[in-house]
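Peer 1: Before I ask anything, let me first share the structure, which is written out below as structure tokens.
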Amino acid sequence: MANNVTGLVRIIKAAGYSWKGLRAAWQHEAAFRQEAVLALVAIIIACWLDIDAMTRVMLIGSVVLIIIVEILNSAIEAVVDRIGNEFHPLAGRAKDMGSAAVLISIILALFVWVTLLWSYLR
């Protein structure tokens, strides 16, 4: 029998699944916890600075992107680990590519922050 949940009930259930995913990331992923704390500090700093709205959005958006990519990376790692513990080149490649995506998002955030704050501090 198909589950035909629609409308507000579907939205509420989806929000519950999302909350469950955030809790799982916090409980099981040290990198997520570290990046979330740093993102919170960065968001507080971005809100404290006397900058225009678009600059603030770019500063905050760049650190939130790190969190998003880290959650996706953790999901990839969980699926790969679920499949098996034995080494397989494709499993290693999937994990390495997820890690690379996190690294690129961190580099992007650093670039955004340095570029925008450089012009702010000049």
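The values are calculated or read from the model by the stated rules, or taken from the named source; none is laboratory data. Values in this document were obtained by computation on a predicted structure and should not be read as measured data. Don't worry about glycine lacking a Cβ; one is built from the backbone with ideal geometry, like all the others, and counts go over all protein chains shown. Protein only, heavy atoms only, side chains kept; ligands, DNA and RNA dropped before computing areas. Shrake-Rupley method; radii C 1.70, N 1.55, O 1.52, S 1.80 Å.
Peer 1: Per the helix-only calculation at 222 nm, which mean residue ellipticity applies to the chain, given -39500 (n - 2.57) for every DSSP H run of n ≥ 4 and division by its residues, nearest 500 deg cm²/dmol?
Peer 2: -30500 deg cm²/dmol, from helical runs alone.
Peer 1: For the residue pair V5 and H28, what label-to-label distance in nm results when each label sits 7 Å from Cα along the Cα-to-beta-carbon direction?
Peer 2: My value for the distance between the label points is 2.0 nm.
Peer 1: Taking the Cα atoms only, what angle lies between the long axis of helix 53-83 and the longest principal axis of the chain, rounded to 10 degrees?
Peer 2: The angle comes out at about 20 degrees.
Peer 1: OK, next. For W19 paired with L38, estimate the spin-label separation in nm (one decimal), with each label point 7 Å from Cα along the Cα-to-Cβ line.
Peer 2: Each label point is offset 7 Å from its Cα along the Cβ direction, giving 2.9 nm.
Peer 1: Here is a follow-up. Which angle from 0 to 90°, rounded to the nearest 10, does the C-alpha axis of helix 30-48 make with the longest principal axis of the chain?
Peer 2: 30
Peer 1: In addition: Under a crude label model (7 Å from the Cα following the beta-carbon direction), how far is A78 from R122 in nanometres?
Peer 2: 4.4
Peer 1: Looking at I12, G98, L121, which one has the Cα that reaches farthest to the positive end of the dipole of the chain (charges on Cβ: Lys, Arg +1; Asp, Glu -1)?
Peer 2: Ranked along the dipole, the leading option is I12.
Peer 1: I'd like to check one number: the per residue accessible area of the chain, probe 1.4 Å, reported in Å² as a whole number.
Peer 2: Result: 74 Å² per residue.
Peer 1: Related question: What's the FRET efficiency of D50 with I107 using the Cβ-Cβ distance as r and R₀ = 30 Å, to the nearest 0.05?
Peer 2: For R0 = 30 Å, the calculated efficiency reads 0.65.
Peer 1: If you average the C-alpha positions of the range 84-122 and of the range 1-75 separately, how far apart do those two centres end up, in angstrom?
Peer 2: After rounding, the separation between the Cα centres reads 16 Å.
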